[in-house]
Amino acid sequence: MGKVPEALNDQLGIAIGQRTYKAYCDMIASPRWRRVFNAGGRPQRLLFASTGTKDPKASDVLYIKELVAPLTVNTMPEGTLKAFAKHGELGATVPADGGNCETVLAQFAKAGVDCDALATKLQDEGTTSFVKSWNELMAVIASKSASLQKAA
């Protein structure tokens, strides 16, 4: 990604999160989903994953504060959780209509950022990271299980 106007620094992830939340709200408000809900279905919560701040110049709780929304789960690194416990404050929740996300995303496009290509890249990297973490977890569980079997 090339340089973007300073006013857009640290805004892309928030705008994408807001757009995603809008799509989620639209889906659970749809007639199709309402039929499922009326039959006893429950919505899966939207996941905002790994919302630690990568930019050292930005607030260490930026994404936690900006991506507060009903029916969501927010996973965060331990350092971010501790920082939020220490000095974080919740503001307004993400609006169901996505707020100004489309305006912000249009500004990124105008600055030459291909948001769709970037999203694909980040999703691929995120998937790889989650698979790696899952495999590491399974290896730890297998090792602990083997140790317990030997002790028995």
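With respect to the conditions (1) in a helix (DSSP H, G or I); (2) closer than 28 Å to residue 28 by Cα, residue 135 lacks only one, and its number is (2).
Evaluating residue 124 against the criteria (1) charged (D, E, K, R); (2) within 17 Å of the chain's Cα centre (by Cα); (3) closer than 18 Å to residue 24 by Cα leaves one unmet condition, (3). Taken as a whole, the structure places residue 4 among residues that are in contact with a Phe, Trp or Tyr (Cβ under 7 Å, 6 or more places away or on another chain), touching a residue at least 24 places away in the same chain (Cβ under 8 Å) and of a type in the set (Val, Ile, Thr). Contact annotation: no residue pair with Cβ atoms under 7 Å, 6 or more positions apart or on different chains, pairs a residue in the range 94-110 that is in contact (Cβ under 8 Å) with a residue 40 or more places away in the chain with a partner that is β-branched (Val, Ile, Thr) and open to solvent by 60 Å² or more (accessible area, probe 1.4 Å). Taking the conditions (1) farther than 15 Å from residue 14 by Cα; (2) surrounded by 10 or more Cβ atoms within 10 Å (Cβ to Cβ); (3) touching a residue at least 12 places away in the same chain (Cβ under 8 Å) in turn, residue 124 satisfies each one other than (3). Within the range 92-121, the only residue that satisfies the criterion of being modelled with pLDDT under 95, assigned to a loop (DSSP other than H, G, I, E, B) and open to solvent by less than 30 Å² (accessible area, probe 1.4 Å) is 113.
The values are calculated or read from the model by the stated rules, or taken from the named source; none is laboratory data. Since the structure is predicted, the reported quantities are computational estimates derived from the model, not experimental observations. Using ideal geometry, Cβ is built from the backbone for each residue, glycine included, and neighbour counts are taken over all protein chains shown. All accessible areas refer to the heavy atoms of the entire protein, side chains included, with ligands and DNA or RNA removed. Shrake-Rupley method; radii C 1.70, N 1.55, O 1.52, S 1.80 Å.
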